[in-house]
1. Would you confirm, using the coordinates I've provided, whether residue 27 is farther than 13 Å from residue 11 by Cα and modelled with pLDDT under 90?
2. Hey, could you check the range 18-38 for residues that are outside any strand (DSSP E or B) and not aliphatic (A, V, I, L, M) and say which is most open to solvent (accessible area, probe 1.4 Å)?
3. Can you name every residue in the range 1-51 that is closer than 23 Å to residue 68 by Cβ and among the aromatic types (Phe, Trp, Tyr)?
4. Identify, please: which residue in the range 60-81 is open to solvent by less than 90 Å² (accessible area, probe 1.4 Å) and of a type in the set (Val, Ile, Thr) and is, among those, modelled with the highest pLDDT?
Amino acid sequence: MNEEGRITKLYYDKSKLVSCAVDLGWDDDFAIIFFQMSGNSVNIIDCHSDNNKTLSYWADYIKSKPYKYDLLLFHVQLRIF
């Protein structure tokens, strides 16, 4: 992708809303990707992952960002113990 020029440095556009894609994890990583749509492009502007953190940690983390949010997308896989 880099050779094709599809990877570049992007900046947060304050005039556009930010969406989040979230992969919930506990033992494995909980990952969140912050992105903005620009025409047909998806511009990833930020990301973070960690494990063994509570939902309140993640809520505070999301609120600490300067973004105005549009959408949160979640990926959840249930485990039966």
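1. Values: farther than 13 Å from residue 11 by Cα: yes; modelled with pLDDT under 90: yes.
Taking the combined requirement at face value, the residue satisfies it.
2. My answer is 26.
3. 11, 12, 30, 34, 35 - these are the residues of the range 1-51 that are closer than 23 Å to residue 68 by Cβ and among the aromatic types (Phe, Trp, Tyr).
4. The qualifying residue modelled with the highest pLDDT is 62.
The values are calculated or read from the model by the stated rules, or taken from the named source; none is laboratory data. A quick note: this is a predicted structure, and the numbers were derived from the prediction, not measured. Note that each Cβ is placed from the backbone with ideal geometry, even for glycine, and that neighbours are counted across all protein chains shown. When the accessible area is computed, the model is the full protein with side chains, heavy atoms only, and any ligands, DNA or RNA have been set aside. Shrake-Rupley method; radii C 1.70, N 1.55, O 1.52, S 1.80 Å.
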